[in-house]
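These notes concern the structure reproduced below.
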Amino acid sequence: MTTTDDTSDSAGTSDSAGTSDSAGTSAAHPRFAAALGELGLGDLAGRARRFPEATRTAAEAAAAIGCELSQICKSLIFAADGVPVLVLMDGASRVDLDRVRDELGAEKVTRAKADVVRETTGYAIGGVPPFGHRTRTRVLADRSLLAHDVVWAAAGTPHAVFPMEPKDLVATAGATLVDVRERSA
């Protein structure tokens, strides 16, 4: 089974949090805050939390927020036969590339390179939100996200996260619910 360790592309966070910067603006990336507004979800921008140092792993994000690792929603970009696809995965799990390939009917699925992630989403690895991207991509969301009342996802930077009910996050992202996490051996 081909797998990838995707714990390094989580919502970015650290120790002390704030919901806005010193100017009183949202902690979310301005482009993501604008996307939230366009989606009628502007209140989420106000609920975003900013941390002074970037923490790019799901484990560091969960520790900073004070939530379970599985409550972190990782937004991971893969290339399925060269076409970008977004996979939303809980922070405690790893994506099984064979299961993604089977789900998509693709010949080959690989991890997208950093430049492809930025070109596709408009955001850098470690800060990719689950929606509000530069381009429209196919989105798969692992069912494991639905195990919680609230999950935390990147708000466009490695320094900011926002909370959202998983079913609403999946719907807003236009995701198809799938089972693509690595199975325990």
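The values are calculated or read from the model by the stated rules, or taken from the named source; none is laboratory data. As the structure is a prediction and not an experimental result, all values here were calculated from the model. Positions of Cβ are backbone-derived with ideal geometry, glycine not excepted, and every protein chain shown enters the neighbour counts.
Out of contact with any Lys or Arg (no Cβ under 7 Å at 6 or more places or on another chain) and surrounded by fewer than 20 Cβ atoms within 10 Å (Cβ to Cβ), is that true of ALA92? Criteria met by ALA92. Which residue pairs have Cβ atoms under 8 Å apart, sit 6 or more places apart or on different chains, and have a first residue in region 123-145 that is closer than 26 Å to SER184 by Cα and at pLDDT below 95 and a second that is surrounded by 24 or more Cβ atoms within 10 Å (Cβ to Cβ) and among the small types (Gly, Ala, Ser)? Partner pairs satisfying both residue conditions: GLY126/SER10; GLY126/GLY12; GLY126/ALA154. Considered as a group, the residues in region 110-152 that are touching a His at 6+ places or on another chain (Cβ under 7 Å) and polar (S, T, N, Q) include one that is farthest from PRO84 (Cα to Cα), and that residue is THR121. Note on region 38-115: enclosed helices (runs of 4 or more DSSP H) holding 3 or more residues that are more than 25 Å from ALA28 (Cα to Cα) are 97-104.
Residues of region 67-89 that are touching a Phe, Trp or Tyr at 6+ places or on another chain (Cβ under 9 Å) and either surrounded by fewer than 18 Cβ atoms within 10 Å (Cβ to Cβ) or more than 16 Å from ALA154 (Cβ to Cβ) (or both): PRO84, VAL85.
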